[in-house]
Structure formats: C-alpha cells, structure tokens
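The values are calculated or read from the model by the stated rules, or taken from the named source; none is laboratory data. All values derive from a computational prediction rather than experimental measurement. Cβ sites come from the backbone with ideal geometry, for glycine too, and all protein chains shown count toward neighbours.
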Amino acid sequence: MSTRSHVAFYSDSDAKIEKPEVILYKHSDGYPSNMMPLIMPLLSDYKKHRGGTTYTDEISACLLYHIMRESNDDIDKWDKENPKAVQRNKHFRYCGFGIDTEFHDDIEYLYAVYPKESLIRVYYTNFWEGNLNNRRLLFEIGFDDPIPKICAYCHKPLKDKKLEMHLECEQAELDDEDRRAKEEIERDTREFTENMDKVSEYVKEAAIYKKRSYAAKTWKGGSINVEKHDAAIDKARYYFSRAQLFDREWELGLEGVQIGEKLQNRIDPVSKEVFDHILPLIDDDLIVEE
C-alpha cells in the first residue's frame, strides 16, 4: 500500500498545526528516507536565492513542481526499460500529487514547513483515526542542514551513516517480527479450528440424512435426503479446503519461527483428526452409522 504524506506550509513556527496556508499531497513513498532528499535541496536552493520568506504560495508551488518533475524523470526511466507498457501507464504522470484545502484522513507522515524560519518539522501521524492530536514529532531540521540518513525502523535521523538503523531499533524490529509471526499463527490456528469444526458439523449432518434415507429405504437419486446429504458433503469439502490452506501455510512457514508449546499442542490434535478421521469421510464419502 502507498505511504501517503502531506507537505504543509505555515506562516511561522508558532502557527497552529491545524491551520496551514498551503497543503500539498503526495500519494506514494512519503516516508522520511525518501522525502527528505526530495524536498530539502529545493527548499535550501529557494532560500539561497529568495531568502527567508512568508510567501508560502510561491515556495509551495516551486516544491510541487520540483516533486512532480523528479517523479516524471523516474517514469521516463521506467518507460525506457519497459517500452511495451508505456501507453498503458501514461496516467501515472497525472496522478499521485495534489493541492488540498484540508488534511486527508489517511496519511502517515506530515512535513510541516516554516519558510520564515527555514525549518521543517517531521511528524508521524495517526490520521487513520482522523485526529491531528495523535501526531508524533520525529525530528526537526533546517533547510541548510545536511540531508540526514534515516533509520529504517523509527524514521529518525542516524548519527552513524554507516548504519541502516539504530542498534536498539534492530532488536525492536526483531521483536516486532516475532510478535507478528505469533499473531499470524494464532489467527491461522483459530481459523483452521473454526473451519474444521464446520467440517465436523456437516459430516455429521450428512450422516444423519444418510441414516434417515436408509431407514426409509429411499436412498436413491432425487430423494430429499440424498440431496441434503450431498449438499452437506459439499459444504464439508468447502470448509476442509479452507482449512487445508492454513495447514499448508504452517508446513511452509513454521520453520525458524518460535511458538509456544501450548500453541503447538492446539495444532497437533486438530491436524490428527483431519488426516486420521475426517479426510477419509470427505474423500471417500464413507459416512458410517454411530
């Protein structure tokens, strides 16, 4: 998904964050490691030739032109490498940027620009909730400061440019990956179990209809019990196919992932029931009377 961002211009650094004079929108690649090298050279060059300014309309127009020109240069390069797709993707030159009258409710980063003080404040935002008060200041930097190298995890400047992220962020990223892996396994386990419960439900339902049909001596094509039996078996096959997706994911994804013994014990009994009991019932339609 695209990393959406705003570049907002203010009359001075005391202005309320909710009251910018100009708002620019960038649909993709709005994270600081991409945006700072993109906007800082233009802002610095503008200051060199125009000085500190309160003309937010002028400097914002210059920046939008600069961002779009850089983007189109990337598109030109891509077009040369992919000539067959040029006609199909021409619309990319005309989308992904904008001038807004209010903040979007789905951006991740806000770059607050104060031309009068030659200052940029970079915020991480929680705009998915549509609330500016949830913003978090990552850092602030002057137009003429060196372009910072940004940590890939916390998105704050790195002092040691040889690193890709802060040392403490490396461990935090590993912890996040481990947490996400556990959450994914727990979710898949829950959905797997729910699907297998459905399989058992419909297999038992099919057995009931077969038993009724035998009792009434109407086990033949077209009878209502046979139709209901076949419909129940179809549902059982459907839910079993859904459960198999999660089982295959475990086989591929569990290697190297540390999960608790309790979680593993939840998976094993269900898997055993699938392959020792329910699978033959579905595949061979061996519904036996209890």
Say whether the condition of being under 28 Å from the mean Cα position of the chain (by Cα) and either charged (D, E, K, R) or not in a helix (DSSP H, G or I) (or both) is met by at least one residue in the stretch 191-211. yes
Evaluate the stretch 100-112: report whether one residue or more is among the β-branched types (V, I, T), modelled with pLDDT of 90 or more and under 15 Å from R4 (Cα atoms). no
Is it the case that S71 is surrounded by 12 or more Cβ atoms within 10 Å (Cβ to Cβ) and at pLDDT 90 or above? no
Filter the stretch 158-199 for residues that are out of contact with any Leu (no Cβ under 8 Å at 6 or more places or on another chain) and of a type in the set (V, I, T); which is farthest from A232 (Cα to Cα)? T193
Report, by residue number, each residue of the stretch 144-178 that is out of contact with any strand residue (DSSP E or B) (no Cβ under 7 Å at 6 or more places or on another chain) and either in a strand (DSSP E or B) or closer than 19 Å to S13 by Cβ (or both). D144, D145
Residue pairs within 9 Å by beta carbon, gap of at least six or interchain, first lying in the stretch 136-161 and closer than 18 Å to T125 by Cβ and without any contact (Cβ under 8 Å) to a residue 24 or more places away in the chain, second crowded, with 18+ Cβ neighbours inside 10 Å and of a type in the set (S, T, N, Q), listed first then second, are R136/T125
